[in-house]
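Written below as structure tokens is the structure these notes are about.
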Amino acid sequence: MAVIQRRGRRIMMTDEERDAYLAQQRTCRVATVGPDGRPHVGALWFCWDGTSLWLYSITRSLRWSQLGRDPRIAVVVDDGVEYGELRGIELSGDAVFVGEAPRTGEPCPELVVPEQLFAAKYFDMEVMPHDGRHAWLRLTPEAVTSWDFGKLAALPDI
């Protein structure tokens, strides 16, 4: 069960806003933890199925090896230029490896939905292409924090 956001409730996204936002956005930043405790952050494409964030990562990446040692992960998806446009979501928890690595397309019922979502979102295809270099990570968040500064304009002055 995800931790409920306590601070910033006035600007947090509703579940429906979160789902629509994550469906629309294309790039996230993924933070992992190195063996010395130092964070590593890199950009990835992703898809959201309403419950979990699915990340398609190169299996020979630093991110992949760090998650093999320590599954803790934090992901930020955000956008906006002007202050009142800033919005985003941070999701954190433990990453889980799903399917074969690297992914070759072997049948995996758990990957049917994420691969359909990902193929449509990034490749405008119905079937996921596999390059033999990537594999799937699933983040079912333990904590979710969101913000939409556009909601500040709608708030009464206190």
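Length available on full extension from D70 to K151: 0.36 nm per residue minus the Cα-Cα distance, which gives 25.5 nm. The 1.4 Å probe gives accessible areas that order Y21, Y83, largest first, as Y83, Y21. Apolar share of the accessible surface for the chain: 55 percent from carbon plus sulfur atoms, 1.4 Å probe. Within the assembled protein chains, the solvent-accessible surface assigned to R29 is about 100 Å², based on a 1.4 Å probe. The residues H40, H134, sorted by heavy-atom accessible surface at 1.4 Å with ligands and nucleic acids left out, run H40, H134 from largest to smallest.
For the range 55-116, what's the relative contact order in percent, using C-alpha pairs closer than 8 Å and at least 6 residues apart? Display every interim value, and only then the final one.
Values: 49 pairs, mean separation 15.7, N = 62.
It rounds to 25 percent for the range 55-116.
The simple Förster model, with R0 at 35 Å and r as the Cβ-Cβ distance, assigns E126 and V81 a FRET efficiency of 0.55. Extending 7 Å from the Cα toward the beta-carbon at both A119 and R10 defines two label points whose distance is 4.7 nm. Reported to the nearest whole Å, the Cα centre-to-centre distance from the range 101-148 to the range 69-85 is 19. Rg and Dmax, both from the Cα atoms of the range 34-119 and both in Å, are 14.6, 46.
The values are calculated or read from the model by the stated rules, or taken from the named source; none is laboratory data. Please read these numbers as outputs of a predicted model, since none were measured by experiment. A quick note on method: Cβ atoms are made from the backbone with ideal geometry, for glycine too, and the neighbour counts reach across all protein chains shown. Keep in mind that these areas ignore ligands, DNA and RNA; they rest on the heavy atoms of the full protein, side chains included. Shrake-Rupley method; radii C 1.70, N 1.55, O 1.52, S 1.80 Å.
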